[in-house]
Amino acid sequence: MSTNPSPGPNLVTAEVRLPIANWELNTQVTVPAGPMRRRHLLPLLQDLADQVVGKVVHESEKQGTNISCKKGCAACCRQLVPLSEEEARHVHDLVQALPEPRRSEILQRFAAARRRLEKAGLLDKLLHPDQWNAEDNQSFGPSYFYQGIACPFLEDESCSIYPDRPLICREFLVSSPAENCSRPDPATIRRLPIPLRFWTALAQLDPVAPGARFLRWVPLILAPEWAASHPEEPPPRPGPELLQEVFNNLVPAKDSPGPASEQPSGSEEKSPSAVAEVRTSYDDIPYTSKPFYHTHPDRLATLATLNGMTPAPVDRCRVLELGCGQGGNLLPMALSLPNSTFVGIDLSRGEIARGQEMVHTLGLTNIVLKPLSIQEVNSYFGSFDYIICHGVFSWVPPAVQDKILTICREHLGAQGVAYVSYNTYPGWRSQMALREALLFHVTRYPEPRVRLNQARAFLEFLTQAFQEADDPYPQALKTAAEKLKSQEDSYLFHEYLEEVNQPYYFQEFMRRAESQGLQFLEETLFQPLPSRMPPAAHQFLADLGDDLLGQEQYRDFLLGRRFRGTLLCHREVALNRSPSLETVQRLHILTHLRPRGSAGQKVSVTGSEEFLTEKEVSLNTNHPYLRAALHYLAEVWPRPVPFPDLWAAVQARLSGDGEQEANPVALAAPLLECGLNNLVELHLYPPQFVLDLSERPVASRLARLQAEAGEPITDLRHSIAELGALDQFVLR
């Protein structure tokens, strides 16, 4: 959508292009440049819906599919009709505008319908749709239909308010025989596939309560009384802003002939009686929403800088996250980087609602979380310095994967960095047999929680049945099952029980990225240590010369890599694959490595020493500068140390008879190698925290909020802090 203020000083015309399957709708919509009420959107959306439906009917008839709906065929006028809140107010106004005695007659019909619903035991549930569960959503529509309650506006089996009929009524057409509609059944009703749902786009303007499973809606049969008790309209908003939000909410329908959406099976709209439930498996089995250090703009900017780029300053940047969940990754960034802007989208409305509540509680104004499909990202989003897509690519259909890479091309700034993670072969080959066995076992169980419980039972069976197995295959299956048993429910479900989980070879992923004008920048996840490969393997990789992509692919083969977090940038960016040691001297350094022995004040020039992490990852080095630096960093951990300060500390700690070269490059070189192998952390923009406590220290607002909710605590290093119950209580 593009805007043109030409109609007048107070109006703006939007050029609207809606691409749908093999055709597109081009039209214009004029709205006030200043504040407008939502009610004024309704005639615009009615017109757009009619245009889309008319085009679909035309295309269908060209292909020999005729519409059965006609005047006098009004079975659908006895179905439960959900309205957006604005449409409910419009229905109320239509009734009030009728002359007497017509108005009283229509109101009597509404009252009679209410009495029939109450007598049938359906009224109480209809008055509280916000309390419905998934079973209610599927069963209530047929129960309502079989009451035979006609729409109060129905006259002689025709709609008396046809020009003003609800949006969903415009979108409901069938090509199956008209007589089938008198006994609606999914097996006998063929709906015309309308690719865009304007009624849900309008309904999504009303935010759902945190944790709610459905859109906010009002049944048409109760619209006048609901509107009378809810006279307050939402405050006006600028016309272009309001219109753009509606278009952002236009999710392609599941029954559309157009490109597939990542919307899961079972959540599509089946009829006007099946009230729209925008729902994903992540609503049933949510991932713990948490920070990922390797996606932080500082991490991305540091690696980009080491490769010769000039990325946007971390403290003044724009960040987009695709598949943000509740915002557990973006919220800490927004809190610690108040001058940067963050946008997150996710298909799960429940997850987004919980994140929006957190944004409101924290009082953040630099972050926006939206319940949108990845397919909906358009030019209105603008450009970003950093784009994050973690844990999404392998779990969505190819059309959505293509859209992710398109977003990286079209919405990434000239010196921008995109992060995309995905499962990889060959490492995932060893897991596929177990995944396919689990999927086969849970096929008969549709409910996510039941599937999860059955999967755990099957894992237990595998570990017990193959206790004494000698053959390699059952041994490998038992080992994999034992490891998977200890994983969280969310990991087990979304890695092994989702319909879509497609690993890729690195070269396959890069071919698709390159076709979108992107190039490989760096790998941000923790790299397997070089010590895992024999010297001959190192030499083999070195002999590949400048074939960086070949080196990366061979490394995956040699190490059995299962997961990657790949950084991409535009093809036009000139990269320097030999990082400047002067650049390293601009960074801050910290490390988890600790000397195996005690940390001393002085370090001998000669000799070798071993350093370990908490996970027993080791580094053995005889480099005196590096050893002295690691000793100092261990003592001041977790403080990130500017390179000049670290160099001064190293000089002060070295002792011995040999004369040392007083050149900081001698320290920068081994630090860079350790940084690229994730043995030390290199920071362009170090985490902001204090180690010297004041008399009354205060944790971050986010940490206190998480402690109060009993959730994992996000520290100021963009990681999860492992705290006990007492520590969490103190944080509150």
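The values are calculated or read from the model by the stated rules, or taken from the named source; none is laboratory data. Remember, it's a predicted structure, so these values are computed and weren't measured experimentally. Cβ: placed from backbone, ideal geometry, glycine included. Neighbour counts: every protein chain shown.
Mind listing whichever residues of region 684-703 are touching a Leu at 6+ places or on another chain (Cβ under 6 Å) and surrounded by fewer than 16 Cβ atoms within 10 Å (Cβ to Cβ)?
Phe689, Arg701
Okay, residues lined up against (1) farther than 30 Å from Phe520 by Cβ; (2) in contact with a Leu (Cβ under 8 Å, 6 or more places away or on another chain):
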| residue | (1), (2) |
| --- | --- |
| Ser421 | no, yes |
| Thr424 | no, no |
| Ser430 | no, no |
| Leu434 | yes, yes |
| Leu439 | yes, yes |
| Val442 | yes, yes |
| Phe458 | yes, yes |
| Leu462 | yes, yes |
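Which residue pairs have Cβ atoms under 9 Å apart, sit 6 or more places apart or on different chains, and have a first residue in region 303-315 that is of a type in the set (Ser, Thr, Tyr) and a second that is not in a helix (DSSP H, G or I)?
Thr305/Pro311; Thr305/Pro579; Thr305/Arg586; Thr305/Leu587; Thr305/Leu684; Thr310/Gln415
With Ile352, Ile367 as the choices, which residue is in contact with a helix residue (DSSP H, G or I) (Cβ under 6 Å, 6 or more places away or on another chain) and of a type outside the set (D, E, K, R)?
Being in contact with a helix residue (DSSP H, G or I) (Cβ under 6 Å, 6 or more places away or on another chain) and of a type outside the set (D, E, K, R) holds for just one of Ile352, Ile367, which is Ile367.
Out of the residues in region 277-299 meeting the condition of being among the aromatic types (Phe, Trp, Tyr) and part of a loop (DSSP other than H, G, I, E, B), tell me which one is modelled with the lowest pLDDT.
Step by step, filter region 277-299, then rank; the result is Tyr287.
Rundown of residues vs (1) farther than 21 Å from Leu716 by Cα; (2) modelled with pLDDT under 85; (3) not acidic (Asp, Glu), yes/no style:
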site: Glu616; (1), (2), (3): yes, yes, no
site: Asn620; (1), (2), (3): yes, yes, yes
site: Arg639; (1), (2), (3): no, no, yes
site: Ala648; (1), (2), (3): yes, no, yes
site: Gln660; (1), (2), (3): yes, yes, yes
site: Leu691; (1), (2), (3): no, yes, yes
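Taking the stated definitions as given, is Asn133 closer than 30 Å to Pro446 by Cα, at pLDDT below 75 and crowded, with 16+ Cβ neighbours inside 10 Å?
No.
Scan region 627-637 and give yes if some residue there is small (Gly, Ala, Ser), surrounded by 13 or more Cβ atoms within 10 Å (Cβ to Cβ), in contact with a Lys or Arg (Cβ under 8 Å, 6 or more places away or on another chain) and at pLDDT below 85, otherwise no.
no
Taking Thr288, is it surrounded by fewer than 24 Cβ atoms within 10 Å (Cβ to Cβ), in contact (Cβ under 8 Å) with a residue 60 or more places away in the chain, among the β-branched types (Val, Ile, Thr) and touching a Pro at 6+ places or on another chain (Cβ under 7 Å)?
yes
Scan region 45-73 residue by residue and report those that are under 23 Å from Glu157 (Cα atoms) and touching a Ser or Thr at 6+ places or on another chain (Cβ under 7 Å).
Scanning region 45-73 gives Asn66, Ile67, Ser68, Lys71, Gly72.
Out of curiosity, is Lys55 basic (Lys, Arg), in a helix (DSSP H, G or I) and modelled with pLDDT under 85?
For Lys55, the condition - basic (Lys, Arg), in a helix (DSSP H, G or I) and modelled with pLDDT under 85 - is met.
Can you say whether Leu202 is closer than 13 Å to Glu85 by Cβ and either modelled with pLDDT under 80 or within 20 Å of the chain's Cα centre (by Cα) (or both), as far as the supplied structure shows?
Considered against the rule, which asks whether it is closer than 13 Å to Glu85 by Cβ and either modelled with pLDDT under 80 or within 20 Å of the chain's Cα centre (by Cα) (or both), Leu202 comes out as no.
Looking only at region 300-337, which residues are over 22 Å from the mean Cα position of the chain (by Cα) and outside any helix (DSSP H, G or I)?
If the condition is that a residue be over 22 Å from the mean Cα position of the chain (by Cα) and outside any helix (DSSP H, G or I), then Asn307, Gly308, Met309, Thr310, Pro311, Ala312, Pro313 are the ones that fit.
So for region 177-185 (the condition being modelled with pLDDT of 85 or more and polar (S, T, N, Q)), does at least one residue qualify?
Within region 177-185, none of the residues are modelled with pLDDT of 85 or more and polar (S, T, N, Q).
Does Arg561 qualify as being in a helix (DSSP H, G or I) and charged (D, E, K, R)?
When the stated conditions are applied, Arg561 does not pass them.
Here are some conditions: (1) touching a Lys or Arg at 6+ places or on another chain (Cβ under 7 Å); (2) modelled with pLDDT under 85; (3) under 26 Å from Gly391 (Cβ atoms). Tyr496 meets all but one. Which one does it not meet?
The failed condition is (2).
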